[in-house]
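The values are calculated or read from the model by the stated rules, or taken from the named source; none is laboratory data. This structure is a prediction, so every number in the text was calculated from the model and none was measured. So basically every Cβ, Gly included, is an ideal-geometry build from the backbone, and we count neighbours across all protein chains shown.
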């Protein structure tokens, strides 16, 4: 009996200690949250942290229940991190909240950027700053996701005209994100614009070796740089690889055809007419494949007509140019091409009449 009498008071003391583990300030803060009085809740959460500086729940709830609903993302992030510093008690919940706030801040920042692109904002400068502010929070909530860095880089380059800051966002993202194919591709684009093509090729090659949906675009850009650098053999190999991997895309045939046109033109300038003719023939085959896939592609119809004209097959060139004129009767460029190949077939009056018609249209433009 004596043992029992001694145990009961200790048990009651334990309950009292448990009840008393939360300060009055912390209890009041939670009550104010229930009443949706967020200014008072903030005040008492901050007081509670002074009373219980080692309690990770207080900064967690302050972030979740006060700053998050008010979209004060900077403060929310600060106190979520503060909670983690005090212990891992709410680690899973904090990770979920950070992901949620990342999505919110990223989407809201993107809305401003879209409005800037569509020119639907009253104050462009303010919209730029808001987009940067929100996207900065996004990259801080989830530093492993490359999209916020990418949008920040685009905004600062396009609307701030600040190439250095744009590149800083790119480099920060590349450092933090595991592979960062989007950022590496965008950095390559900026390097190409600055004439640093060798560095760009290295980055594009890295993206090409990744399992990413950016692979095709990076490979096309890689091939395009090779083409512009007159590294035709490497460009041809790359364009063919793209075509093998995606034979359903007509653009891939067009790009290979365009490469052959460039190669043929250079061969002709160098006096190698036989090689030029072979390459023009290869280009024609690629363009005709595009036309078989998309018969109404005006750009390709014109390219095929130009190739037949280059090969001096004026009758076939006429066939394609006539298609263009039939689709756009007032296009002076199409009419001049049609008139020229008709003239070169010996139908001088007919060709000259069409050429004169084109000149009249040009004079009215």
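Here are the numbers:
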item: Pairs, first in contact (Cβ under 8 Å) with a residue 60 or more places away in the chain in segment 61-84, second assigned to a helix (DSSP H, G or I) and surrounded by 16 or more Cβ atoms within 10 Å (Cβ to Cβ), C-beta under 7 Å, six or more apart; result: 73/101; 73/105; 73/137; 74/137; 77/137; 77/140; 77/141
item: Selection status of residue 298, without any contact (Cβ under 8 Å) to a residue 40 or more places away in the chain, closer than 30 Å to residue 209 by Cα and under 36 Å from the mean Cα position of the chain (by Cα); result: no
item: Conditions (1) over 30 Å from residue 259 (Cα atoms); (2) in contact with a helix residue (DSSP H, G or I) (Cβ under 7 Å, 6 or more places away or on another chain); number of the one not met by residue 215; result: (1)
item: Helices (runs of 4 or more DSSP H) within segment 302-365 that include 3 or more residues free of Cβ contacts under 8 Å to residues at least 40 places away in the same chain and more than 44 Å from the chain's Cα centre (by Cα); result: 332-344, 348-364
item: Segment 145-198, residues that are closer than 20 Å to residue 215 by Cα and in a loop (DSSP other than H, G, I, E, B); result: 145, 146, 177, 178, 179, 180
item: Candidates 227, 243, 204 - the one that is closer than 30 Å to residue 116 by Cα and touching a helix residue (DSSP H, G or I) at 6+ places or on another chain (Cβ under 7 Å); result: 204
item: Candidates 177, 121, filtered to the one that is over 15 Å from residue 77 (Cα atoms) and modelled with pLDDT of 95 or more; result: 177
